[in-house]
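The values are calculated or read from the model by the stated rules, or taken from the named source; none is laboratory data. All figures in this text were calculated on a predicted structure; none of them were measured in a lab. A quick note on method: Cβ atoms are made from the backbone with ideal geometry, for glycine too, and the neighbour counts reach across all protein chains shown. To get the accessible areas, we keep the full protein, side chains included, count just its heavy atoms, and leave off ligands, DNA and RNA. Shrake-Rupley method; radii C 1.70, N 1.55, O 1.52, S 1.80 Å.
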Amino acid sequence: MSTRDAAVAADAAKPRVGLKQWFGVALGLLVLALGAWGLSKIAGQVTIADVMAEVRATPVHLIVAAAVSAAISYVVLVGYDWLATRHLGYTIGWPTLAAASFASFTMSHTLGVTVLTGGTVRYRIYTRAGVKAADIAMIILLCGWTFWLGIVFVAGVGLLAAPDLSAPFREFAPAGFEHLAGLALLAGTFAYLLLATVWRREFRILRYAFTIPDGRETLLQIVIGAIDLAFAGGALFLLLLAVPGTPDLLTFLTIYAVAMVIGALSHAPGGLGVFEIVVVSLMPDADKAGVLLAVAPSREIYTFIPFLLGLVVIAVMEANAVRKLRRERRAASPPAPANRA
């Protein structure tokens with residue numbers, strides 16, 4: 001190989017730094033900007049004095065138990081991304097899955113607008129792992145579908161096993177309506193499970209082809225979604241144990257599922273305000289002030305603290321990405337000409 005050919009080959013081997021890489025950096029900065037905006041909104045609504053007062057009013061052992069329950073919920077959430085990437089044929093390491101899941105869910109739980117917030121985080125992390133953009137959109141969809149399957153299943157079981165849940169709606173709904181609603185939710189869940197088991201045809205959206213998860217994957221979606229809901233709702237339930245009139249766990253998880261759905265549909269950041277109204281309305285026998293007092297530290301444990309940790313994860317990953325981009329840019333730059341005597 002001639003000297004000229006060797007130079008050409010060496011130049012071709014150098015990493016190319018183009019618009020796509022800089023777009024990724026800009027996208028990462030946008031995520032951090034959204035996070036900073038959300039942090040400023042939260043800081044304007046909650047003071048340190050309020051937080052300390054709420055913590056002092058709650059027994060320490062309940063706070064610790066709620067924190068453990070919330071932490072387990074976030075661990076279970078990694079299963080959402082694991083199922084989605086596995087269904088699409090990707091083998092991604094657990095550290096990447098955990099970072100994508102935790103960072104994206106903490107953003108979407110706090111800021112709402114899941115596709116824009118959590119979706120942007122997943123795009124940044126998974127593109128670096130070699131996942132195609134169209135597949136990332138499908139991962140977001142599958143993660144959302146796992147959430148809904150778990151909620152519908154838990155709500156269906158709860159409506160059948162906790163008939164007193166409909167007490168606040170007696171003047172609007174006929175007696176026994178909760179049983180019919182529960183049966184309808186469970187029938188819909190099992191009908192979809194059956195469809196996923198026997199219907200293996202390929203769907204197409206423009207040029208993108210995909211199949212829905214099979215029966216085994218769908219069953220895992222239902223189980224993981226239900227376990228996540230149990231631990232996420234369990235964190236708040238533990239804080240409500242000191243409140244008179246708190247219902248049993250299954251009834252409360254059904255209330256929690258309904259509140260989560262309505263909060264998500266409202267697109268309010270973290271369902272703020274909407275979630276509290278639904279919980280208080282569906283617990284008429286519980287002390288309202290006590291319920292609101294319990295919801296506040298629950299938000300700190302399940303939403304605010306993980307959100308701060310999620311911002312740290314995103315900031316570290318983006319800093320590493322910028323450093324890598326700078327190294328590639330330096331490697332792509334032509335060497336300075338040597339001075340000739």
Item to check | helices (runs of 4 or more DSSP H) completely within the stretch 59-162 that count 2 or more residues being open to solvent by 20 Å² or more (accessible area, probe 1.4 Å) and under 30 Å from residue 177 (Cα atoms) | outcome: 133-161
Checklist entry - Is the stretch 219-241 home to any residue that is more than 19 Å from residue 73 (Cβ to Cβ), polar (S, T, N, Q) and surrounded by 16 or more Cβ atoms within 10 Å (Cβ to Cβ)? => result no
Checklist outcome for this item: Log entry, pairs with first residue in the stretch 239-254 being closer than 19 Å to residue 61 by Cα and of a type in the set (S, T, N, Q), second being modelled with pLDDT of 85 or more and crowded, with 20+ Cβ neighbours inside 10 Å, beta carbons closer than 9 Å, six or more apart or on different chains, reads 246/237; 246/240; 246/252
Next on the checklist: Please go through the stretch 286-322 and give me each residue that is more than 17 Å from residue 95 (Cα to Cα), among the charged types (D, E, K, R) and in contact with a Leu (Cβ under 7 Å, 6 or more places away or on another chain), ordered by number.
Outcome noted: none
Next on the checklist: Within the stretch 199-209, does at least one residue satisfy the condition of being in contact with a Ser or Thr (Cβ under 6 Å, 6 or more places away or on another chain) and surrounded by 12 or more Cβ atoms within 10 Å (Cβ to Cβ)?
Outcome noted: no
Checklist outcome for this item: Contact list, first residue from the stretch 283-309 and within 25 Å of residue 107 (Cβ to Cβ) and in contact (Cβ under 8 Å) with a residue 60 or more places away in the chain, second anywhere and assigned to a helix (DSSP H, G or I) and hydroxyl-bearing (Ser, Thr, Tyr), beta-carbon distance below 6 Å, six or more apart or interchain, is 303/110; 306/106; 307/106; 307/110
